[in-house]
Amino acid sequence: MTLTKRIIPCIDVDLDEDGDAAVYTGVNFEDLAYTGDPVEMAKKYNESGADEFVFLDITASAEGRETMLDTVSQVADEVFIPLTVGGGIRTREDIKETLRAGADKVSINSGAIARPELIGEGAAAFGSQCIVISVDARRRFDEQGEHYADVDGESCWFECTVKGGREGTGLDVVEWAIEAEQRGAGELFVNSIDADGTKDGYDIPLTSAVCDAVSTPVIASSGCGGPEDMYEVFEEAGADAGLAASIFHFDEYSIAETKQRLDEMGVPVRL
Amino acid sequence: MATKQTAAEVVVVDYGLGNLRSVTRGLERAGADVLLSEDLAEFAAADGIVLPGVGAFSEGMDNAGPFREALVEEAAAGTPLFGICLGMQMLLTTSEEADHEGQGDAEGLDLIPGKNVRFRTDQTVPHMGWNELDVQRDHPIVEGVDSVGSELPRTDGPGKGGSVDGEYAYFVHSYYAAPDDDAAVVATTDYGTDFASIVANEAGNVFGTQFHPEKSGETGLRILRNFVDICRTN
């Protein structure tokens, strides 16, 4: 026996009209639908056999930060599985506050692109195991990349974007993954702007390219429509964990059902 | 001696490392009254002591330095002492980690004779994620989800009733305990090599898990509950 593939539900948390933390889920690409209370959802997933839990703060506002940390603490009190918290983390102090609130790992995205030293500082102070580097990748079919993959017969590279894919950085995802690993990232969290919300499956060329380039565990995200998509990203791309949101939130598949199907297909999972 | 009805009073040694919130909440959920403490007098009054830990061995031993004598005394007096992750490694005599990091010899508590060694397999280090427990011998800490008095529902896992054998636990570590005496190994886990994932001393009151029970779902809560039961009958 060896390590099992991890199945990870993820919630996007924003402030509702009353200023309370609430989970929102993207449907039809851009619309966000109110999905539930973060603490209740965390409890549900903790009880249903999730291997980890990811909490993303999408408020991106200073005012929201305190409410979010308080919500993280409430979530941490309910989940007895590893908890990763991301969103707006830009400084060592942000990392410390988030871990203190009860997170086991922090997910850092644009904060690390803006200042790559943050990865090493965080790893030195708190250990690599709690520094997760998250990228929002976008396919680009031009000559400006460094690492090219074949996508349906066309050559493309993957660019790190910020602001939810609205802004490019020119940084090659594979190159950045290698650098992040060298700087001390303990895990890589790979989102795809192209696959996000499609439920057509994870971006396999993207996930494969990152998995092939690093030995750090890779968590595949975006595009999951069901257990078969997880099977594909584990078997074909080599991901260590599969993250999903709407299929679990809207009860299209339960965690148990997903794991059962993966087990039947021969994937090692914690049942 | 505490009775079944009263909560066990557990001290979590606060030596300034890591996230103590999770272990505290896990112990509380398991029925303990938890006190985070660096006060040696409180160690003696407790029904049980938890030695947590995330980070490097020598740093952990440095930070735990002021508590060394008190911990060794409590262990000798029969108080349950539970080491988690690095806290478990600190129960042994020494660690390769200190040499590897160029920090010289760092002496562990030597409550379970042996050394902590680095994984030498070609597997990725750290060993991070969910892996299986292979219980080697009886110990109250590994009593299973089917045991008498269990308040937790039986999980659908492959565990054989009566112990947590075959259940999964959450690991994050690069070094593992290699006790001198095989009898100290309560459970093993396979990560290229079969390493000790749960250890205990001969008297049985000093034990530790390499994995994080507070992050290991129902199986982990079962182990924390076992610990609280051990404290209650102490």
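Can you give the convex hull volume per residue for the Cα atoms of region A:138-247, as a whole number of Å³? Write down the numbers at each step before the final one.
Details: hull volume 10.9 nm³, N = 110.
Cα-based convex hull of region A:138-247, divided per residue, equals 99 Å³.
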With a Förster distance of 35 angstrom and the Cβ-Cβ distance between B:VAL72 and A:GLU66, calculated FRET efficiency to the nearest 0.05 equals 0.25
Each label sits 7 Å from Cα toward the beta-carbon; between A:SER215 and B:ALA41 the label points are separated, in nm, by 5.1 nm
With region A:93-195 reduced to its Cα atoms and the Debye formula applied, log10 I(q)/I(0) at q = 0.09, 0.14, 0.24 1/Å amounts to -0.24, -0.54, -1.23
With -39,500 (n - 2.57) per DSSP H segment of 4 or more residues and division by the full residue count of the protein assembly as shown, the 222 nm estimate, nearest 500 deg cm²/dmol, is -8000 deg cm²/dmol
Note, region A:174-189: 3J(HN,Hα) by Karplus (6.51, -1.76, 1.60, θ = phi - 60°), whole Hz, Gly/Pro = x, goes 5, 4, 5, 4, 5, 5, 4, 4, 4, 7, x, 5, x, 7, 10, 10
Checking region B:185-234 for GluC sites (Glu not before Pro) in a loop per DSSP with at most 15 other beta-carbon atoms within 10 Å yields B:GLU202
The simple spin-label model distance between A:ASP263 and B:GLU202, using points 7 Å out along Cα→Cβ, in nm, is 4.2 nm
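Give me A:MET68, B:MET128 ranked fewest to most by other Cβ atoms within 10 Å of their Cβ, as a rough exposure proxy. Kindly include the intermediate steps, with their values, before the conclusion.
Working: A:MET68 26, B:MET128 22.
With the fewest neighbours first, A:MET68, B:MET128 line up as B:MET128, A:MET68.
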Rg/Rh over Cα atoms for region A:6-264, Kirkwood Rh, comes to 0.94
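Using the number of other C-beta atoms within 10 angstrom as an exposure proxy, rank A:LEU262, B:LEU27 with the fewest first.
Values: A:LEU262 23, B:LEU27 26.
Neighbour counts put them in this order, fewest first: A:LEU262, B:LEU27.
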Under 19 Å by backbone N from the virtual spin label 7 Å along Cα-to-Cβ at B:ASP190, the residues of region A:1-44 are A:1-6
Projected onto their principal axes, the Cα atoms of the protein assembly as shown stretch, largest extent first, over whole-Å spans of 70, 47, 47
Amide H neighbours of B:VAL12 at under 5 Å, excluding residues fewer than 5 places away on the same chain, with H built from the backbone geometry, are B:LEU35, B:LEU36, B:SER37, B:VAL50
Across A:VAL162, A:VAL233, A:VAL85, the residue with the highest GNM fluctuation in chain A (Cα network, 10 Å cutoff) is A:VAL162
In region A:6-264, taking the dipole from +1 charges on Lys and Arg beta carbons and -1 charges on Asp and Glu beta carbons about the Cα centre, the listed residue (A:MET230, A:ALA256, A:GLY186) farthest towards the positive end is A:GLY186
Simple spin-label estimate for A:ASP142/B:ASP110, 7 Å along Cα→Cβ, in nm, reads 6.7 nm
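How compact is region A:46-95 by the rule of thumb for globular proteins, expressed as Cα Rg over 2.2 N^0.38 Å? Provide the component values of the computation, followed by the final result.
Values: Rg = 11.7 Å, N = 50, 2.2 N^0.38 = 9.7 Å.
Expressed relative to 2.2 N^0.38 Å, the Cα Rg reads 1.20.
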Phi angles of region B:43-53, converted by Karplus (6.51 cos²θ - 1.76 cosθ + 1.60, θ = phi - 60°) into ³J(HN,Hα) in whole Hz with x for Gly and Pro, give 4, 5, 7, 6, 7, x, 10, 10, 10, x, x
GNM on chain A, Cα springs under 10 Å; top mean-square fluctuation among A:ASP18, A:ASP240, A:ASP104 goes to A:ASP18
In order over region A:258-264: 3J(HN,Hα) from phi, Karplus 6.51/-1.76/1.60, θ = phi - 60°, whole Hz, x for each Gly or Pro, gives 4, 5, 4, 5, 5, 4, 5
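Could you put A:ARG138, A:ARG261 in order, starting from the residue whose Cβ has the fewest other Cβ atoms within 10 Å?
Values: A:ARG138 22, A:ARG261 17.
Going from least to most buried by this count: A:ARG261, A:ARG138.
A short reminder: the numbers here are calculations on the coordinates, not readings from a lab. Here the structure is a predicted model, which is why all the values come from computation and not from measurement. Heads up, the Cβs are rebuilt from the backbone with ideal geometry, glycines too, and the neighbour counts pull from every protein chain shown.
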